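> Let me give you the structure first, and then I'll get to my questions.
The values are calculated or read from the model by the stated rules, or taken from the named source; none is laboratory data. Being a predicted model, the structure only gives us computed values, none of them experimental. Methodologically, a virtual Cβ is constructed for each residue, glycine included, from the backbone with ideal geometry; neighbour enumeration extends over all protein chains shown.
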Amino acid sequence: MRVPLIAGNWKMNTTLSEAIELVSGILRELDKIDNVDKVLCPPFISLAAVGELIKGSSIKLGAQNLYFVEKGAYTGEISPLMLTDLCEFVIIGHSERRQYFNETGEIVNKKVQAALKAGLKPILCIGERLEENEAGLTEEVVTRQLRSALTGIDRLSGMIIAYEPVWAIGTGKAATGEQANQTIGFIRRNISELYDTEAAQNVRILYGGSVTAENATEFMQQPEIGGALVGGASLKADQFLSIVRQTSEIRRR
Ligand code: PGA
């Protein structure tokens, strides 16, 4: 059985003191919830402080991006090596990075390779845009993004995949549980073709896009969905706790 994983992607929100306040407010309750892997992905500048706060707890830490070179003259960038000291996970290929920072499939692939080499677990994001969805191209787009991101990678080594339809991110218009389950099942079959059935069975594929305390159960009940990547609702202590609790309860049934 796959242990579900809920990751909070804080995006470019929270100052250092706000990050500390948010974590302090959920730490005790979040720590107690079992049967779920809980991952917080604050901005880079808060990773160290959040890491200190969650030390000794069951909560894990992730970054939201990295650069694919180990070190050197790349002003403003953060290397995989800098992150290994601080966190276990790293979000790669989020649609906002593809859209606003011109991250191509090739760059995403380099980042995935660099993260794995450094021993980080990538949370690889893929998903179609609205016009692609409307043109019936969802499967084609996720296949292309997946295959390009995984080029040259012969083992998934703890990698997480997040299916995030772009039209559902930050819009309040989530996919239905059934839609997400169907596409995630399709992604899993792709993994089976690229690797083998064992890799496909073991990989956790999350859904992301307007997940809230109101719709969490609908997603987490689906057999293919291995958890959620939560944006907006991860900034609200009660919402995030509720999403993680609902996931744990479904798992217990
Ligand atoms: P959202 O973001 O939950 O605010 O839609 C999800 C994400 O972008 O990871």
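> Check the range 174-193 and report whether any residue there is at pLDDT below 95, within 12 Å of the ligand (Cβ to nearest atom) and surrounded by fewer than 16 Cβ atoms within 10 Å (Cβ to Cβ). Working first, answer last.
As a first pass, look at the range 174-193 and keep what is at pLDDT below 95: 174-175.
Of the ones still in play, those that are also within 12 Å of the ligand (Cβ to nearest atom) are 174-175.
After this cut, where a residue has to be surrounded by fewer than 16 Cβ atoms within 10 Å (Cβ to Cβ) as well, the list is none.
No, because not a single residue in the range 174-193 is at pLDDT below 95, within 12 Å of the ligand (Cβ to nearest atom) and surrounded by fewer than 16 Cβ atoms within 10 Å (Cβ to Cβ).
> Please state which one of SER234, SER157, SER192 is without any contact (Cβ under 8 Å) to a residue 60 or more places away in the chain and under 23 Å from ASN65 (Cβ atoms).
Values: SER234 fails: without any contact (Cβ under 8 Å) to a residue 60 or more places away in the chain; SER192 fails: under 23 Å from ASN65 (Cβ atoms).
Of the residues listed, the single one that is without any contact (Cβ under 8 Å) to a residue 60 or more places away in the chain and under 23 Å from ASN65 (Cβ atoms) is SER157.
> Considering only residues that are among the hydrophobic types (A, V, I, L, M, F, W, C) and surrounded by 14 or more Cβ atoms within 10 Å (Cβ to Cβ), which ones fall in the range 49-75?
Quick first cut of the range 49-75, residues among the hydrophobic types (A, V, I, L, M, F, W, C) only: 49-50, 53-54, 59, 61, 63, 66, 68-69, 73.
Result: ALA49, VAL50, LEU53, ILE54, ILE59, LEU61, ALA63, LEU66, PHE68, VAL69.
> Here's a check for you: in the range 82-111, which residue that is crowded, with 17+ Cβ neighbours inside 10 Å and touching a residue at least 60 places away in the same chain (Cβ under 8 Å) is farthest from the ligand (Cβ to nearest atom)?
Out of the qualifying residues, it is PHE89.
> A further question on this structure: Considering only residues that are in contact (Cβ under 8 Å) with a residue 24 or more places away in the chain and either within 16 Å of the ligand (Cβ to nearest atom) or more than 19 Å from the chain's Cα centre (by Cα) (or both), which ones fall in the range 20-30? Please lay out each step first, then the result.
Going residue by residue through the range 20-30, those that are in contact (Cβ under 8 Å) with a residue 24 or more places away in the chain are 20, 22-27, 29-30.
Scanning the range 20-30 gives ILE20, LEU22, SER24, GLY25, ILE26, LEU27, GLU29.
> A further question follows. Look at SER79 and say whether it is of a type in the set (S, T, N, Q) and either surrounded by fewer than 17 Cβ atoms within 10 Å (Cβ to Cβ) or within 16 Å of the ligand (Cβ to nearest atom) (or both).
Here the answer is no, as SER79 does not meet what is asked.
> For the range 11-18, does any single residue satisfy the condition of being surrounded by fewer than 17 Cβ atoms within 10 Å (Cβ to Cβ), within 17 Å of the chain's Cα centre (by Cα) and under 27 Å from TRP167 (Cα atoms)? Write out each step before concluding.
The initial filter retains those residues of the range 11-18 that are surrounded by fewer than 17 Cβ atoms within 10 Å (Cβ to Cβ), namely 12-13, 15-18.
From what is left, the residues that are within 17 Å of the chain's Cα centre (by Cα) are 12-13.
Pick out the ones that are also under 27 Å from TRP167 (Cα atoms) and you get 12-13.
Among the residues of the range 11-18, at least one is surrounded by fewer than 17 Cβ atoms within 10 Å (Cβ to Cβ), within 17 Å of the chain's Cα centre (by Cα) and under 27 Å from TRP167 (Cα atoms), which makes the answer yes.
> If you don't mind, there's one more thing I want to ask. Filter the range 197-216 down to the residues that are touching a helix residue (DSSP H, G or I) at 6+ places or on another chain (Cβ under 7 Å) and within 16 Å of the ligand (Cβ to nearest atom) and list them by number. Don't jump to the end; show me each part of the working.
Within the range 197-216, the subset touching a helix residue (DSSP H, G or I) at 6+ places or on another chain (Cβ under 7 Å) is 199-200, 203, 205, 207, 209-213, 216.
If the condition is that a residue be touching a helix residue (DSSP H, G or I) at 6+ places or on another chain (Cβ under 7 Å) and within 16 Å of the ligand (Cβ to nearest atom), then ILE205, TYR207, GLY209, SER210, VAL211, THR212, ALA213, ALA216 are the ones that fit.
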